[in-house]
Amino acid sequence: MELDLETMAASIGVSVAVLRFLLCFVATIPVSFLWRFVPGRLPKHVYSASSGVLLSYLSFGVSSNLLFLVPMLLGYVAMVLCRPKCGIITFFSSFGYLIGSHIYYMSGDAWKEGGIDATGALMVLTLKVISCAINYNDGLLKDEDLHEAQKKNRLIKLPSLIEYVGYCLCCGSHFAGPVFEMMDYLEWTEGKGIWAHSDKGPSPSPYGATLRAIVQAVISMAVYLYLVPYHPLSRFSEPIYQEWGFWRRLSFQYMSAFTARWKYYFIWSISEASIIISGLGFSGWTESSPPKPKWDRAKNVDILGVELAKSSVVLPLVWNIQVSTWLRHYVYERLIKKGKKPGFFQLLATQTISAVWHGLYPGYMLFFIQSALMIAGSRVIYRWEQAIPTNMGLVKKVLVFVNFAYTLLVLNYSAVGFLVLNLRESLALYGSVYYIGTIVPITLILLGYIIPAKPARSKARKDH
């Protein structure tokens, strides 16, 4: 078997560890499909937990389940012993454990060299454990002290241990997400909420949406495998890169980031197919006639939304969607004081948490600081656009295009740090294009104070 894996791995140009992970990861689709045929609530929880444990073992070895056990126990013990503070206790203990694991395994270096370990799955698991504890904490609060999302997701009673483990490891969904809520998991398992019998018809068929996600995964991997030989990250350290002019360097940075994104599109498309075919990905019905099922709970990326984003502000809504939603609900919104409006502090703090979650590499920190600047600069352009009278349609269209071009420039410039990780190399590559993706956002932010713009449509600004 090992020899077969080595042959297969060599034929597609990956390590045996990565191939083993990919096989187990793709196996989450049939494993999730079989969940539909497990009878009864308790057996479903047992199947969710045991299949997650088995897939983790087959992918990463027995040590992975021991690695996952620690934050899961920390969160559950906090909920049992100290409910009023279990959210904050679990947040810091789980993040502390994740940071320690990042330092110990130094996963970023392994990933760059084609290796893999269980810390990627631990990252997803950490968010699940924290959200469960915070929602149990929210169950003590009054309605007037809660946002709408908090009211929907709060847990009034403590989940049983098997419910908790089933949620954390559900059919291997901890491998790459998407992150979902404990309340949704319980209602899905018990056939309640939107999964209860509806007058709009029988339970929706997941097979068409699953097939679409699988096709998207195949296309994404094909694009990645085609592009990566032409845009390897090793080119950044080769003498030829230094011989290129400004525009050639900038275009190569763009293509390197563009190529790398297709790898994530593949991963998230597979995870989307897995969650959809289980039924958990169902998120309600459209208002059309006849109503059509929505599968937004499984969606982690909108490829066209990323590549053709008209504004940096929309990127968290189309890239790593469920993690962005988690950051909004559990970090950004909870940093806003009652009666106050959010500002740059909440944005920067949220991006910093996101950077730490990814790992302690300087490249991650640079990328997410850059992201905060990128979004703030994009908001300035948007406010200027909203201030233009409706009779100056051409000027408004020009500013819309400027925001699109700005997003394209700064996103792919910033992504270089995320890809190379090393501080010196990241700064050198930013410097090779004269820090254009840093200078432009800062300049826009400063111009926003010098040339303030009061939008003609306040509602549009609020929505943005």
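Annotations
- Spatially, segment 188-238 and segment 10-24 are offset by 20 Å when compared through their Cα centroids.
- Accessible area (Å², 1.4 Å probe, nearest 10) - His174: 0
- Gyration tensor verdict on segment 337-464 (Cα atoms; rounded if a/c is under 1.5, prolate if a/b is larger than b/c, oblate otherwise): oblate
- Around the amide H of Gly284, modelled in the peptide plane, lie the amide H atoms of Lys294, all under 5 Å away and 5 or more residues distant in sequence or on another chain.
- Where only DSSP H runs of four or more residues are counted, the chain gives -22000 deg cm²/dmol as its mean residue ellipticity at 222 nm, each run worth -39500 (n - 2.57).
- Net dipole in debye of the chain [+1 Lys, Arg Cβ; -1 Asp, Glu Cβ; about Cα centre; nearest 20]: 1680
- Carbon plus sulfur fraction of accessible area for the chain, probe 1.4 Å, in percent: 68
- Debye, to nearest 20: dipole size of segment 155-287, +1 on Lys, Arg Cβ, -1 on Asp, Glu Cβ: 520
- Span-like helix ranges in the chain, DSSP H, alpha carbon extent 20 angstrom or more, Kyte mean at least -0.5: 16-35, 41-60, 62-81, 86-105, 119-138, 207-227, 246-278, 344-358, 362-387, 393-420, 436-450
- Among 305-313, 336-344, sorting by the average number of other beta carbon atoms lying within 10 angstrom of each residue, highest first, gives 305-313, 336-344.
- For the peptides 249-258, 376-385, 264-273, the ranking by packing is 264-273, 376-385, 249-258, with the highest mean count of neighbouring Cβ atoms within 10 Å listed first.
- Each peptide among 62-69, 394-401, 15-22 gets the average number of other Cβ atoms lying within 10 Å of its residues, and from highest to lowest they stand as 15-22, 62-69, 394-401.
- For the chain, with +1 on Lys and Arg beta carbons and -1 on Asp and Glu, the positive-most of Ser93, Ile451, His358 along the dipole: Ile451
- Residue (of Pro441, Pro159, Ile321) at the positive-pole extreme of the chain, dipole from beta-carbon charges: Pro441
- Check: segment 1-195 dipole with +1 on Lys, Arg Cβ and -1 on Asp, Glu Cβ, in debye: 560
- Projecting the Cα positions of Gln346, Gly177, Ala9 onto the charge dipole of the chain (unit charges on Cβ atoms of Lys, Arg, Asp and Glu, taken about the Cα centre) puts Gln346 furthest along the positive direction.
- For Cα extents along the principal axes in Å, the candidate list reads (i) 73, 62, 43; (ii) 63, 56, 44; (iii) 61, 60, 47; the entry that matches the value derived from this model is (iii).
The values are calculated or read from the model by the stated rules, or taken from the named source; none is laboratory data. Bear in mind the structure is a predicted one, so any value in this text is a computation, not a measurement. Here Cβ is always computed from backbone atoms with ideal geometry, including for glycine, and neighbour counts include all displayed protein chains. The protein model used for the area step is the full one, side chains on, heavy atoms only, and it has no ligands, DNA or RNA in it. Shrake-Rupley method; radii C 1.70, N 1.55, O 1.52, S 1.80 Å.
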